[in-house]
Amino acid sequence: MACPPDKILNPRTLRCIKFTGRRAHELARMGDIGDVYIPPRRTLRRVREPKPCMPGKERNPETRRCVTIGRAVHRRAFMDFYPGPDPRDPRDPRDPREPREPREPRPELFERRVSSEGPDKNPLAPLLDKPAILAWTRSKCNNTSDPLSRMPFASSDTATLQDLIRLHNRTCVGSGLLHNKVAAEHRAGTIATVPGDLRTHMTLNDFRALRNSMRRHNPAYKLPPRRHQPPPPEWQLYINTDARSGPDFASVLYVDVTKGRIGPDGIPTYGSSSIRVDLGFIPVTIGSPTCGPQTLVDRIQQLAINNRLILPVAGGWKPVAGFPFRKTFWQGPNAERHMIKLCQDLTAAMTAA
(Lines give C-alpha, C1' and ligand atoms only; values in the text may rest on other atoms or scores of the structure.)
Protein backbone atom coordinates (compact mmCIF):
# COMPACT_ATOMS: atom_id res chain seq x y z
CA MET A 1 0.00 0.00 0.00
CA ALA A 2 1.48 3.34 -1.10
CA CYS A 3 0.93 6.42 0.99
CA PRO A 4 1.05 10.07 -0.16
CA PRO A 5 4.40 11.87 0.15
CA ASP A 6 3.42 13.59 3.40
CA LYS A 7 2.29 10.36 5.11
CA ILE A 8 3.69 7.04 6.24
CA LEU A 9 2.15 3.62 6.77
CA ASN A 10 1.18 2.66 10.31
CA PRO A 11 2.35 -0.99 10.59
CA ARG A 12 -0.22 -1.70 13.28
CA THR A 13 -3.38 -0.41 11.60
CA LEU A 14 -2.11 -0.46 7.98
CA ARG A 15 -3.41 3.08 7.57
CA CYS A 16 -1.61 6.14 6.28
CA ILE A 17 -0.83 8.68 8.95
CA LYS A 18 0.94 12.04 8.84
CA PHE A 19 4.61 11.68 9.62
CA THR A 20 4.49 14.96 11.58
CA GLY A 21 1.65 13.80 13.82
CA ARG A 22 1.70 12.57 17.39
CA ARG A 23 1.10 8.92 16.42
CA ALA A 24 4.06 8.90 14.02
CA HIS A 25 6.34 10.20 16.77
CA GLU A 26 5.14 7.46 19.14
CA LEU A 27 5.85 4.74 16.53
CA ALA A 28 9.30 6.19 15.83
CA ARG A 29 10.10 6.30 19.55
CA MET A 30 9.08 2.62 19.88
CA GLY A 31 11.08 1.60 16.77
CA ASP A 32 8.05 0.38 14.77
CA ILE A 33 8.70 2.36 11.59
CA GLY A 34 12.37 1.68 11.02
CA ASP A 35 14.72 4.39 9.75
CA VAL A 36 12.07 6.83 8.56
CA TYR A 37 13.06 10.34 9.56
CA ILE A 38 10.43 11.99 11.74
CA PRO A 39 11.00 15.76 12.13
CA PRO A 40 10.69 17.05 15.70
CA ARG A 41 7.35 18.51 16.66
CA ARG A 42 7.14 22.21 17.30
CA THR A 43 4.58 23.82 19.51
CA LEU A 44 3.74 27.37 18.58
CA ARG A 45 2.72 29.58 21.45
CA ARG A 46 0.45 32.46 20.65
CA VAL A 47 1.98 35.67 21.88
CA ARG A 48 -0.69 37.72 23.57
CA GLU A 49 -0.54 41.45 23.57
CA PRO A 50 -0.49 42.85 27.11
CA LYS A 51 -3.66 44.52 28.27
CA PRO A 52 -3.51 48.32 28.51
CA CYS A 53 -2.86 49.71 31.96
CA MET A 54 -5.66 51.33 33.92
CA PRO A 55 -5.91 55.14 33.99
CA GLY A 56 -3.24 56.58 36.25
CA LYS A 57 -0.80 53.74 35.55
CA GLU A 58 1.88 52.98 32.96
CA ARG A 59 3.75 49.84 31.96
CA ASN A 60 7.30 49.56 33.31
CA PRO A 61 9.51 48.77 30.28
CA GLU A 62 11.79 46.56 32.41
CA THR A 63 9.31 44.47 34.41
CA ARG A 64 6.34 44.88 32.01
CA ARG A 65 4.10 45.53 34.98
CA CYS A 66 1.69 48.44 35.40
CA VAL A 67 2.97 50.92 37.98
CA THR A 68 1.27 53.97 39.42
CA ILE A 69 2.31 57.23 37.78
CA GLY A 70 4.09 59.51 40.22
CA ARG A 71 5.17 56.79 42.67
CA ALA A 72 8.79 55.96 43.39
CA VAL A 73 8.87 52.93 41.08
CA HIS A 74 7.52 54.98 38.19
CA ARG A 75 9.95 57.83 38.87
CA ARG A 76 12.90 55.44 38.82
CA ALA A 77 11.70 53.76 35.61
CA PHE A 78 11.15 57.09 33.81
CA MET A 79 13.74 59.38 35.38
CA ASP A 80 14.04 61.56 32.28
CA PHE A 81 10.32 62.36 32.40
CA TYR A 82 10.48 64.14 35.77
CA PRO A 83 12.15 67.50 36.50
CA GLY A 84 14.27 65.97 39.26
CA PRO A 85 14.48 63.24 41.91
CA ASP A 86 11.57 62.58 44.22
CA PRO A 87 12.32 64.44 47.48
CA ARG A 88 10.16 61.94 49.37
CA ASP A 89 12.28 58.97 48.24
CA PRO A 90 14.80 58.18 51.04
CA ARG A 91 16.96 56.30 48.53
CA ASP A 92 17.65 59.51 46.60
CA PRO A 93 21.30 60.36 47.47
CA ARG A 94 20.90 64.05 46.67
CA ASP A 95 19.56 66.64 49.05
CA PRO A 96 16.03 67.62 47.91
CA ARG A 97 16.79 71.22 48.89
CA GLU A 98 19.74 71.34 46.53
CA PRO A 99 18.97 73.52 43.49
CA ARG A 100 19.05 71.66 40.22
CA GLU A 101 18.29 72.35 36.60
CA PRO A 102 14.78 71.29 35.50
CA ARG A 103 14.63 68.55 32.93
CA GLU A 104 12.44 68.73 29.87
CA PRO A 105 9.96 65.82 29.66
CA ARG A 106 10.36 63.37 26.84
CA PRO A 107 7.45 64.05 24.47
CA GLU A 108 7.44 60.54 23.04
CA LEU A 109 7.14 59.02 26.51
CA PHE A 110 4.28 61.31 27.45
CA GLU A 111 2.43 60.63 24.20
CA ARG A 112 2.73 56.89 24.75
CA ARG A 113 1.36 57.15 28.27
CA VAL A 114 -1.73 59.18 27.44
CA SER A 115 -2.49 57.20 24.30
CA SER A 116 -2.61 53.95 26.29
CA GLU A 117 -5.47 55.34 28.37
CA GLY A 118 -7.89 55.27 25.44
CA PRO A 119 -10.48 57.87 24.48
CA ASP A 120 -12.27 59.66 27.33
CA LYS A 121 -10.64 57.47 29.98
CA ASN A 122 -8.95 60.43 31.68
CA PRO A 123 -10.48 63.75 30.58
CA LEU A 124 -8.64 65.80 33.24
CA ALA A 125 -5.38 67.55 32.46
CA PRO A 126 -2.41 65.90 34.22
CA LEU A 127 -0.93 67.61 37.27
CA LEU A 128 2.44 68.07 35.62
CA ASP A 129 4.50 71.00 34.39
CA LYS A 130 3.52 73.29 31.52
CA PRO A 131 5.38 71.50 28.68
CA ALA A 132 3.78 68.20 29.62
CA ILE A 133 0.28 69.66 29.77
CA LEU A 134 0.76 71.40 26.43
CA ALA A 135 1.74 68.02 24.98
CA TRP A 136 -1.50 66.65 26.46
CA THR A 137 -3.56 69.39 24.78
CA ARG A 138 -1.93 68.73 21.42
CA SER A 139 -2.88 65.06 21.55
CA LYS A 140 -6.28 65.35 23.24
CA CYS A 141 -7.88 68.67 22.24
CA ASN A 142 -9.25 69.98 18.97
CA ASN A 143 -8.85 73.59 20.14
CA THR A 144 -5.69 75.52 20.99
CA SER A 145 -7.29 78.17 23.22
CA ASP A 146 -9.94 78.21 25.94
CA PRO A 147 -13.32 78.88 24.26
CA LEU A 148 -14.56 80.84 27.31
CA SER A 149 -11.55 82.98 28.23
CA ARG A 150 -10.14 83.14 24.64
CA MET A 151 -6.70 82.65 26.17
CA PRO A 152 -4.32 80.45 24.11
CA PHE A 153 -3.07 77.42 25.99
CA ALA A 154 0.52 78.32 25.14
CA SER A 155 0.12 81.70 26.92
CA SER A 156 -1.56 80.28 30.07
CA ASP A 157 0.27 79.51 33.29
CA THR A 158 0.66 76.04 34.75
CA ALA A 159 -2.14 76.38 37.32
CA THR A 160 -4.62 77.39 34.63
CA LEU A 161 -3.59 74.52 32.38
CA GLN A 162 -3.97 72.01 35.22
CA ASP A 163 -7.67 72.93 35.48
CA LEU A 164 -8.41 71.99 31.86
CA ILE A 165 -10.88 69.21 31.11
CA ARG A 166 -11.68 67.55 27.81
CA LEU A 167 -15.36 67.27 26.88
CA HIS A 168 -16.87 64.46 24.84
CA ASN A 169 -16.36 66.30 21.53
CA ARG A 170 -12.65 66.93 22.32
CA THR A 171 -13.21 70.55 23.31
CA CYS A 172 -10.87 71.47 26.18
CA VAL A 173 -11.97 74.19 28.59
CA GLY A 174 -11.06 75.44 32.05
CA SER A 175 -13.24 73.89 34.75
CA GLY A 176 -13.70 77.13 36.72
CA LEU A 177 -15.15 79.08 33.80
CA LEU A 178 -17.18 76.06 32.73
CA HIS A 179 -18.72 75.89 36.21
CA ASN A 180 -19.84 79.52 35.92
CA LYS A 181 -21.37 78.85 32.50
CA VAL A 182 -23.23 75.71 33.68
CA ALA A 183 -24.50 77.47 36.83
CA ALA A 184 -25.94 80.35 34.78
CA GLU A 185 -27.63 77.99 32.31
CA HIS A 186 -29.12 75.86 35.07
CA ARG A 187 -30.46 78.91 36.88
CA ALA A 188 -32.15 79.94 33.66
CA GLY A 189 -33.72 76.48 33.32
CA THR A 190 -31.86 75.57 30.13
CA ILE A 191 -29.76 72.51 29.40
CA ALA A 192 -26.01 73.15 29.54
CA THR A 193 -24.25 73.15 26.19
CA VAL A 194 -20.65 72.68 25.11
CA PRO A 195 -18.75 76.00 25.02
CA GLY A 196 -18.68 77.34 21.50
CA ASP A 197 -21.42 74.97 20.28
CA LEU A 198 -24.97 75.88 21.30
CA ARG A 199 -26.43 72.82 19.56
CA THR A 200 -24.39 70.20 21.46
CA HIS A 201 -25.48 69.37 25.00
CA MET A 202 -23.01 68.35 27.68
CA THR A 203 -23.11 64.66 28.55
CA LEU A 204 -23.03 62.91 31.92
CA ASN A 205 -19.33 62.18 31.40
CA ASP A 206 -18.72 65.89 30.82
CA PHE A 207 -20.38 66.72 34.13
CA ARG A 208 -18.34 64.02 35.89
CA ALA A 209 -15.15 65.53 34.48
CA LEU A 210 -16.22 69.00 35.67
CA ARG A 211 -17.00 67.66 39.15
CA ASN A 212 -13.71 65.72 39.45
CA SER A 213 -11.66 68.71 38.31
CA MET A 214 -13.37 71.10 40.73
CA ARG A 215 -12.91 68.64 43.59
CA ARG A 216 -9.16 68.92 43.18
CA HIS A 217 -9.51 72.28 44.93
CA ASN A 218 -12.78 71.76 46.82
CA PRO A 219 -13.51 68.15 47.86
CA ALA A 220 -17.08 69.13 48.82
CA TYR A 221 -17.91 70.59 45.40
CA LYS A 222 -21.33 69.75 43.95
CA LEU A 223 -22.58 70.36 40.43
CA PRO A 224 -24.89 73.37 39.98
CA PRO A 225 -28.51 72.16 40.38
CA ARG A 226 -31.00 72.58 37.58
CA ARG A 227 -34.20 74.54 38.11
CA HIS A 228 -37.28 72.33 38.27
CA GLN A 229 -38.96 72.36 34.89
CA PRO A 230 -41.12 70.05 32.78
CA PRO A 231 -39.58 67.90 30.06
CA PRO A 232 -39.85 69.11 26.46
CA PRO A 233 -43.42 69.17 25.09
CA GLU A 234 -42.68 66.47 22.50
CA TRP A 235 -41.82 64.03 25.31
CA GLN A 236 -44.81 61.95 26.37
CA LEU A 237 -45.24 59.23 29.00
CA TYR A 238 -45.66 55.77 27.46
CA ILE A 239 -46.98 52.79 29.49
CA ASN A 240 -47.91 49.76 27.44
CA THR A 241 -47.34 46.04 26.95
CA ASP A 242 -45.29 45.66 23.78
CA ALA A 243 -42.66 43.47 22.14
CA ARG A 244 -40.00 44.99 24.38
CA SER A 245 -41.80 44.15 27.63
CA GLY A 246 -43.46 40.83 26.82
CA PRO A 247 -46.92 39.74 27.99
CA ASP A 248 -46.17 39.82 31.73
CA PHE A 249 -44.83 43.37 31.95
CA ALA A 250 -45.48 46.88 30.65
CA SER A 251 -42.80 49.28 29.42
CA VAL A 252 -42.62 52.65 31.18
CA LEU A 253 -40.89 55.25 29.02
CA TYR A 254 -40.69 58.88 28.07
CA VAL A 255 -40.70 58.89 24.28
CA ASP A 256 -40.36 61.55 21.62
CA VAL A 257 -43.74 61.40 19.89
CA THR A 258 -42.30 63.04 16.78
CA LYS A 259 -40.20 59.92 16.16
CA GLY A 260 -43.02 57.34 16.48
CA ARG A 261 -44.31 55.23 13.61
CA ILE A 262 -47.96 54.45 12.96
CA GLY A 263 -48.51 50.70 12.66
CA PRO A 264 -51.05 48.84 10.45
CA ASP A 265 -53.60 48.96 13.29
CA GLY A 266 -53.25 52.74 13.62
CA ILE A 267 -51.41 52.53 16.95
CA PRO A 268 -48.03 54.35 17.10
CA THR A 269 -44.92 52.34 17.92
CA TYR A 270 -41.68 53.74 19.29
CA GLY A 271 -38.24 52.34 18.56
CA SER A 272 -35.06 52.75 20.56
CA SER A 273 -34.23 56.04 18.80
CA SER A 274 -37.39 57.62 20.21
CA ILE A 275 -36.76 56.68 23.86
CA ARG A 276 -35.70 59.68 25.93
CA VAL A 277 -35.96 58.35 29.52
CA ASP A 278 -36.21 54.61 30.21
CA LEU A 279 -38.10 53.88 33.45
CA GLY A 280 -37.94 50.10 33.03
CA PHE A 281 -40.91 47.79 33.55
CA ILE A 282 -43.87 47.23 35.85
CA PRO A 283 -45.72 43.89 36.19
CA VAL A 284 -49.26 43.38 34.87
CA THR A 285 -49.93 39.88 36.24
CA ILE A 286 -49.26 40.36 39.98
CA GLY A 287 -50.65 42.67 42.61
CA SER A 288 -52.49 42.96 45.91
CA PRO A 289 -55.93 44.23 46.96
CA THR A 290 -54.38 47.57 47.91
CA CYS A 291 -51.99 47.96 44.97
CA GLY A 292 -52.63 46.40 41.59
CA PRO A 293 -51.30 47.13 38.09
CA GLN A 294 -53.99 49.72 37.36
CA THR A 295 -53.22 51.53 40.62
CA LEU A 296 -49.58 51.75 39.60
CA VAL A 297 -50.49 53.13 36.17
CA ASP A 298 -52.84 55.74 37.63
CA ARG A 299 -50.27 57.04 40.11
CA ILE A 300 -47.45 57.10 37.54
CA GLN A 301 -49.64 59.07 35.15
CA GLN A 302 -50.66 61.50 37.89
CA LEU A 303 -46.99 62.14 38.75
CA ALA A 304 -46.26 62.83 35.08
CA ILE A 305 -49.17 65.29 34.88
CA ASN A 306 -47.88 67.09 38.00
CA ASN A 307 -44.32 67.17 36.57
CA ARG A 308 -42.96 65.05 39.43
CA LEU A 309 -42.11 61.72 37.77
CA ILE A 310 -38.65 62.78 36.49
CA LEU A 311 -36.59 65.57 37.98
CA PRO A 312 -33.97 67.61 36.09
CA VAL A 313 -30.37 66.99 37.21
CA ALA A 314 -27.01 67.92 35.76
CA GLY A 315 -26.66 66.10 32.48
CA GLY A 316 -30.12 64.53 32.31
CA TRP A 317 -33.21 63.52 34.25
CA LYS A 318 -33.58 61.52 37.47
CA PRO A 319 -36.77 59.44 38.00
CA VAL A 320 -38.42 59.21 41.42
CA ALA A 321 -39.67 56.25 43.51
CA GLY A 322 -36.75 53.98 42.63
CA PHE A 323 -37.26 53.84 38.87
CA PRO A 324 -36.03 52.32 36.60
CA PHE A 325 -37.00 48.72 37.48
CA ARG A 326 -35.74 45.65 35.64
CA LYS A 327 -37.85 42.57 35.03
CA THR A 328 -35.74 40.58 37.50
CA PHE A 329 -36.80 42.98 40.26
CA TRP A 330 -40.37 41.69 39.94
CA GLN A 331 -39.45 38.02 39.91
CA GLY A 332 -39.32 35.98 43.09
CA PRO A 333 -41.29 35.62 46.32
CA ASN A 334 -41.04 39.34 47.21
CA ALA A 335 -42.71 40.65 44.05
CA GLU A 336 -46.00 41.53 45.79
CA ARG A 337 -44.11 43.27 48.62
CA HIS A 338 -42.11 45.28 46.06
CA MET A 339 -45.34 46.37 44.40
CA ILE A 340 -46.85 47.62 47.65
CA LYS A 341 -43.63 49.51 48.41
CA LEU A 342 -43.70 51.16 44.97
CA CYS A 343 -47.28 52.33 45.49
CA GLN A 344 -46.23 53.90 48.79
CA ASP A 345 -43.22 55.62 47.19
CA LEU A 346 -45.37 56.99 44.38
CA THR A 347 -47.84 58.41 46.91
CA ALA A 348 -44.98 60.00 48.84
CA ALA A 349 -43.63 61.57 45.63
CA MET A 350 -47.04 63.12 44.88
CA THR A 351 -47.24 64.76 48.32
CA ALA A 352 -43.58 65.81 48.57
CA ALA A 353 -42.87 69.51 48.89
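Each residue in the stretch 179-207 was checked for being crowded, with 18+ Cβ neighbours inside 10 Å and assigned to a strand (DSSP E or B), and 1 of them qualify. Residues in the stretch 305-331 that are at pLDDT below 85 and among the hydrophobic types (A, V, I, L, M, F, W, C): LEU311, VAL313, ALA314, TRP317. Looking at the structure I just gave you, is LEU342 in contact with a Pro (Cβ under 9 Å, 6 or more places away or on another chain), more than 17 Å from HIS228 (Cβ to Cβ), buried (at least 18 other Cβ atoms within 10 Å of the Cβ) and not hydroxyl-bearing (Ser, Thr, Tyr)? When the stated conditions are applied, LEU342 does not pass them. Any residue in the stretch 313-331 that is closer than 26 Å to HIS201 by Cα and of a type in the set (S, T, N, Q)? Taking every residue of the stretch 313-331 in turn, none turns out to be closer than 26 Å to HIS201 by Cα and of a type in the set (S, T, N, Q). When the test is whether a residue is of a type outside the set (S, T, N, Q), over 18 Å from LYS318 (Cβ atoms) and either in contact (Cβ under 8 Å) with a residue 12 or more places away in the chain or surrounded by fewer than 20 Cβ atoms within 10 Å (Cβ to Cβ) (or both), VAL284 passes it.
Starting from the stretch 194-216, take each residue that is closer than 12 Å to ARG166 by Cα and not assigned by TED's automatic domain parsing to the domain that holds VAL313 and list its partners that are assigned to a helix (DSSP H, G or I) and charged (D, E, K, R), counting only C-beta distances under 9 angstrom and pairs at least six apart or across chains. From the stretch 194-216, the pairs are VAL194/ASP206; PRO195/LYS181.
Of the residues ARG337, ARG308, only one is in contact (Cβ under 8 Å) with a residue 40 or more places away in the chain, surrounded by fewer than 19 Cβ atoms within 10 Å (Cβ to Cβ) and not acidic (Asp, Glu); which?
Unique residue meeting the criteria: ARG308.
For the stretch 255-341, the strands (runs of 3 or more DSSP E) that sit wholly inside it and include 1 or more residues that are aliphatic (A, V, I, L, M) are 275-283, 310-313.
The values are calculated or read from the model by the stated rules, or taken from the named source; none is laboratory data. All figures in this text were calculated on a predicted structure; none of them were measured in a lab. Glycine also receives a Cβ, built like all others from the backbone with ideal geometry; neighbour counts cover every protein chain displayed.
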